[in-house]
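The values are calculated or read from the model by the stated rules, or taken from the named source; none is laboratory data. Note that the structure is predicted; figures quoted are calculated from it, not measured. Note: ideal-geometry Cβ built from the backbone for every residue, glycine included; neighbour counts use all protein chains shown.
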């Protein structure tokens, strides 16, 4: 899956996903990616978020919606993403996935769970950067 | 002090991010950046996890899911299990802009896409077919997503039929193995 969040010069927030889903799924299955609030969510008043990982588990917790709501309550993007990931991990300690969050002022953060020694990478580009930046976080 | 415009993308999908950024810099619309950026991954089959020719299902078919959400209007367009159309993100944008619905799925989403002018074509490639053949014949359909069925889905391929005497409300499932090359 690719998950993407953008804020334009006018402060408009948009988010989206595109995926071919899980390998060898039962025909007809969809994961979290096309579900609003799960795969991605956006609200101009706050920012946006997107999620990736085990969609069968993640969609039960609407992690993108939760991350945006946490930012609405004043949490930093990193803390908001962490809260969304932790909510899932409370119920499914073995799940694997990540959430990234972007506030409408351009601040961003991410959190992941269960990826083992592999860090979770994400790409950022904002007006202050001369080139895109690949960020990596450890779960 | 805002660092706008800005785009953030999951995983290492640089080309998609750069495309989205170029759109933000030129025309400025976040919604366009999302559609065009994610479309790059559909075309380039990012890590085999996006677009045609990846993640075949049990019947060896690749289907696509996509979502686009406008944080200004709270409007949503999405497609699920889209069959035989490569441009899932753009079809999702058409759901957003040309319907009062939010999500269309399956064969009917394909019909909608065709009505909107999208081309119908197979999403299977030699790579995805080879992947499926290995899973089905060499790996005996392992892993799969069935449970409480017979024959034992941890050992055998289907077709399966349900087992009636099962433990209800069991929380135990073996999680999907997520990696760079297998994720939603």
Among (1) crowded, with 24+ Cβ neighbours inside 10 Å; (2) in contact (Cβ under 8 Å) with a residue 60 or more places away in the chain; (3) part of a helix (DSSP H, G or I), residue B:56 falls short only on (3)
Going through the stretch B:9-44 in order, the residues found to be over 19 Å from the mean Cα position of the chain (by Cα) and outside any helix (DSSP H, G or I) are B:27, B:28, B:29
The residue from A:54, A:94, A:8, A:32 that alone is within 7 Å of chain B (Cβ to nearest Cβ) and closer than 15 Å to residue B:76 by Cβ is A:32
Over the stretch B:126-146, the set of residues within 11 Å of chain A (Cβ to nearest Cβ) and part of a loop (DSSP other than H, G, I, E, B) is B:139, B:141, B:142, B:143, B:144, B:145, B:146
Residue A:26 fails exactly one of (1) in contact (Cβ under 8 Å) with a residue 24 or more places away in the chain; (2) surrounded by fewer than 24 Cβ atoms within 10 Å (Cβ to Cβ), namely (1)
Quick check: is even one residue across the stretch A:35-46 assigned to a helix (DSSP H, G or I), under 21 Å from residue A:125 (Cβ atoms), modelled with pLDDT of 95 or more and out of contact with any helix residue (DSSP H, G or I) (no Cβ under 8 Å at 6 or more places or on another chain)? no
In the stretch B:47-78, anything over 16 Å from residue B:35 (Cα atoms) and touching a strand residue (DSSP E or B) at 6+ places or on another chain (Cβ under 6 Å) is listed as B:63
The residue that is nearest to the chain's Cα centre (by Cα), considering only those in the stretch A:116-134 that are within 7 Å of chain B (Cβ to nearest Cβ) and under 17 Å from residue A:53 (Cα atoms), is A:122
Quick check on residue B:120: is it touching a helix residue (DSSP H, G or I) at 6+ places or on another chain (Cβ under 8 Å) and either within 30 Å of residue B:141 (Cβ to Cβ) or without any contact (Cβ under 8 Å) to a residue 60 or more places away in the chain (or both)?
yes
### Task
Return yes when residue A:78 is surrounded by fewer than 24 Cβ atoms within 10 Å (Cβ to Cβ), farther than 12 Å from residue A:48 by Cβ and touching a helix residue (DSSP H, G or I) at 6+ places or on another chain (Cβ under 6 Å) and no when it is not.
no
For the stretch B:24-36, pairs from a residue that is more than 9 Å from every other protein chain (Cβ to nearest Cβ) to a residue that is modelled with pLDDT of 95 or more, with Cβ under 7 Å and 6 or more apart or across chains, are B:36/B:19; B:36/B:20; B:36/B:23
